[in-house]
Each structure stands twice: as structure tokens, then as C-alpha cells.
Amino acid sequence: MDAEGLTEIRAGHVVAFANQKGGVGKTTTAVNLGACLAELGRRVLLVDLDPQGNASTGVGVDRATVKIGTYEVLAGSNTGDAIVGTPAAGLDVLPSTLDLAGAEIELTSAFAREGKLRAALAAVRGRYDFVLVDSPPSLGLLTVNALTAADAVCVPIQCEYYALEGLGQLLRTIELVRESLNPQLALGGVALTMFDARTKLAEQVAAEVRLHFGGAVFESVIPRSVRLSEAPGFGKPVILYDGASRGAQAYRALAREALGRWEPRPAEPRPAEPQPAEPQPAAEPPENAVASVACGAAPGTRESPAPGEGSVPDTEGEQEWAK
């Protein structure tokens, strides 16, 4: 899958954050990008599909108090009842519970198991501009559910040595989902995370990723940041924890770039179709032509004058009569 798979995402559509490698900044990107999109005035729903529940705690949700979460929603509970607010205005979250760890085993024998999340989101996705799904660091049934429900997938890649290891398997999984479950799934972008400008390795990895994915890679790069690491401990996105930090500015830039790439553009006005020309009335002939036609003469010919009306007298004939 390459840059040709990029897509524009319309209101209410779903973006899945997926990478089977752990510790690549997937949850951090889902949480902070969601908060930055909400800061830009968009309505955003964050779906925590990871049994670890880091996306939930990262926006201030106490998982011990959650009665209905993603596990219950996948099992058939009302999705709207599970959604809760966050400290970031415009950002809601569908939190996970500890029971989600056993969901993959229980879903194994379920009918249409790969489409459970898509069915659960159908009733609420229209309330939001974007639905961001944080999937677990694996290629199991939960991640397949996220890809089946999504319109696009965003792949965070850590700028370190093992960044591209296993990435081919993820891309093959995406292709399989497109072929059999979700033909509309597209590559929404590749985000470079944990970039350390002090090392040549980070620059080399970033260059290799851009060479492989081309225009699919976001120009905005997320740096390593102490504030990004601290913010989840306070249950806040980084823009609420320290809005002036490098990490906050980087995710704001990424959100603006994502909007330019994902959000639907207004349709260009269609050029007006040329109207058929109205038939012009035939020009009226001159008066003398009308008179000529009325007297039996062809139009454009001169009628012979009557005797005594401008005719030249025939003097020779008159003389002959007089004799």
C-alpha cells in the first residue's frame, strides 16, 4: 500500500491507529491528535480498543468506575450509554474495561465477529466529525475489528532501529481486510514519532520511511518530549498539561496537516453549460422588394415604368404616327 491509497475522510468517518509493535506512540498519537482536532472545533470520539486502557486513563477516565465500556459494547450494549466526556472540550471517549482482555477469546465463535465494532459505532458516528480508534499492539481480532470499522488507518512509526520490523506484516493484514472485509479501507497516513534530532539514526529511519511510503508520511514529526511522557500521569492531553511544550506544538501541527489531508474539501463549482443560441428572426426585405413581389416581379429586379411615368419619349414613333 502506498501514497495512492490516501483518502479524504468525511464527517463521521473512522480512523484506526494501528501498529503491532508496542511502544511506538500509537496511544499517545490517538489521544493528543484527538484533543488537537477538538481544539480546532471538530467533534471527536476516542475509542479505546486496547485492553491496557491507556487511552482511557490518558484522558482522565478512572477505569475502575467504568460500568459500560468497549467490551460491553462489542457484546451488544448501547454504545451511547458507554460514551463519557473528557477534560478536552469536544473530545469524548468510549473507554475500555478490564474485561476487554477476554474479548478476543469470546469473539472467536461469534457470528460476524470481525464487524462487531463497525455495528456498534453505526449509531453514534454521525454525532462526530472524527472517530479515532486506538487498537492494541497486535494483529488479533480486536485490531481486525478496528480495521473493519475504519475508513482509513494511520500508522505511527517510531524513529528507531526496529521501526520497520514487522511493518510488512501489518500492511499485508490491511490488504487482507480490504480484500475480504472492508474494500473502502485506505491508508490515512504514516506518523513519525519519538524523533530525536540529536541522533543520526532518527534521521536515517525517517528518510527510509519517507522513501518507502512517499507522500503518505506526514510532514509533521513528533519529537521525544518529557511533557508528552508526563501528561498521561495527570489524565490530560499534552495541550492541556503544557500547551507551550514542543510536544503540544508538534501535535497541533499534525492535526492541521491531518485536517488538510482528511477533511472533505468543498466541491468546485461546475462550469455553466453553454445555452443553445436562440433563433434570430429573419430580416425583413426592403419595401421596394415587397412591392415588386406583389406585382409579380422577382425580388431584386427593377419594374418597367408605366408610360408617362419617368419613361423616355419615343420621338421617332411619334413622328411616324404624325405622318
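One table, with the values for the structure above:
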{"item": "Filter pass, VAL226 being of a type in the set (Val, Ile, Thr), farther than 28 Å from GLU263 by Cβ and touching a helix residue (DSSP H, G or I) at 6+ places or on another chain (Cβ under 9 Å)", "result": "yes"}
{"item": "Complete set of residues in region 134-172 that are free of Cβ contacts under 8 Å to residues at least 60 places away in the same chain and within 23 Å of the chain's Cα centre (by Cα)", "result": "VAL144, THR148, ARG172"}
{"item": "Complete set of residues in region 35-60 that are surrounded by fewer than 22 Cβ atoms within 10 Å (Cβ to Cβ) and among the polar types (S, T, N, Q)", "result": "GLN52, ASN54, THR57"}
{"item": "Residues being in a loop (DSSP other than H, G, I, E, B) and in contact with a Phe, Trp or Tyr (Cβ under 8 Å, 6 or more places away or on another chain) - total across region 33-50", "result": "2"}
{"item": "Subset of region 76-99 (residues that are closer than 20 Å to ALA16 by Cβ and of a type outside the set (Ser, Thr, Tyr))", "result": "ALA82, ILE83, LEU91, ASP92, VAL93, LEU94, PRO95"}
{"item": "Residue in region 112-133 that is buried (at least 19 other Cβ atoms within 10 Å of the Cβ), in contact (Cβ under 8 Å) with a residue 12 or more places away in the chain, part of a loop (DSSP other than H, G, I, E, B) and small (Gly, Ala, Ser) present", "result": "no"}
{"item": "Residue check for GLU219: at negative phi, at pLDDT below 95 and among the acidic types (Asp, Glu)", "result": "no"}
{"item": "Options ASP134, ASP92; residue that is touching an Asp or Glu at 6+ places or on another chain (Cβ under 6 Å) and closer than 27 Å to SER229 by Cα", "result": "ASP134"}
{"item": "Neighbours by Cβ (under 7 Å, 6+ apart or cross-chain): first from region 212-233, over 13 Å from CYS159 (Cβ atoms); second of a type in the set (A, V, I, L, M) and part of a strand (DSSP E or B)", "result": "PHE213/VAL190; ALA216/LEU187; ALA216/VAL190"}
{"item": "Residue match in region 198-211 (condition: closer than 30 Å to ARG118 by Cβ and either in contact with a helix residue (DSSP H, G or I) (Cβ under 9 Å, 6 or more places away or on another chain) or surrounded by 15 or more Cβ atoms within 10 Å (Cβ to Cβ) (or both))", "result": "yes"}
{"item": "In region 146-169, residue modelled with the highest pLDDT [restricted to those that are out of contact with any Gly (no Cβ under 8 Å at 6 or more places or on another chain) and under 15 Å from THR193 (Cβ atoms)]", "result": "ILE157"}
{"item": "Residue match in region 2-14 (condition: of a type outside the set (Lys, Arg) and at pLDDT 95 or above)", "result": "no"}
{"item": "Some residue of region 183-201 being in contact with a strand residue (DSSP E or B) (Cβ under 8 Å, 6 or more places away or on another chain), within 16 Å of ASN19 (Cα to Cα) and in a loop (DSSP other than H, G, I, E, B)", "result": "yes"}
{"item": "Any hit, region 269-280, residues being within 30 Å of the chain's Cα centre (by Cα), modelled with pLDDT of 95 or more, loosely packed, with under 13 Cβ neighbours inside 10 Å and not in a helix (DSSP H, G or I)", "result": "no"}
{"item": "ASN32 vs. criteria at pLDDT below 95 and buried (at least 24 other Cβ atoms within 10 Å of the Cβ)", "result": "no"}
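Here's the yes/no breakdown for (1) farther than 26 Å from GLU219 by Cα; (2) hydrophobic (A, V, I, L, M, F, W, C); (3) modelled with pLDDT of 95 or more:
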residue: LEU98; (1), (2), (3): yes, yes, no
residue: ALA103; (1), (2), (3): yes, yes, no
residue: GLU106; (1), (2), (3): yes, no, no
residue: VAL131; (1), (2), (3): no, yes, yes
residue: ASP134; (1), (2), (3): no, no, yes
residue: ARG172; (1), (2), (3): no, no, no
residue: LEU192; (1), (2), (3): no, yes, yes
residue: ARG198; (1), (2), (3): no, no, no
residue: ALA202; (1), (2), (3): no, yes, no
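Conditions tested, residue by residue: (1) surrounded by fewer than 18 Cβ atoms within 10 Å (Cβ to Cβ); (2) outside any helix (DSSP H, G or I); (3) out of contact with any Lys or Arg (no Cβ under 8 Å at 6 or more places or on another chain); (4) on the phi < 0 side of the Ramachandran plot.
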position: GLY80; (1), (2), (3), (4): yes, no, yes, yes
position: PRO87; (1), (2), (3), (4): yes, yes, no, yes
position: VAL93; (1), (2), (3), (4): no, yes, yes, yes
position: GLY102; (1), (2), (3), (4): yes, no, yes, yes
position: ALA110; (1), (2), (3), (4): yes, yes, no, yes
position: PRO136; (1), (2), (3), (4): no, yes, yes, yes
position: ASN145; (1), (2), (3), (4): no, no, no, yes
position: THR148; (1), (2), (3), (4): no, no, no, yes
position: VAL155; (1), (2), (3), (4): no, yes, yes, yes
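The values are calculated or read from the model by the stated rules, or taken from the named source; none is laboratory data. Note that the coordinates shown come from a computational prediction; the quantities given were computed from them, not determined experimentally. A quick note on method: Cβ atoms are made from the backbone with ideal geometry, for glycine too, and the neighbour counts reach across all protein chains shown.
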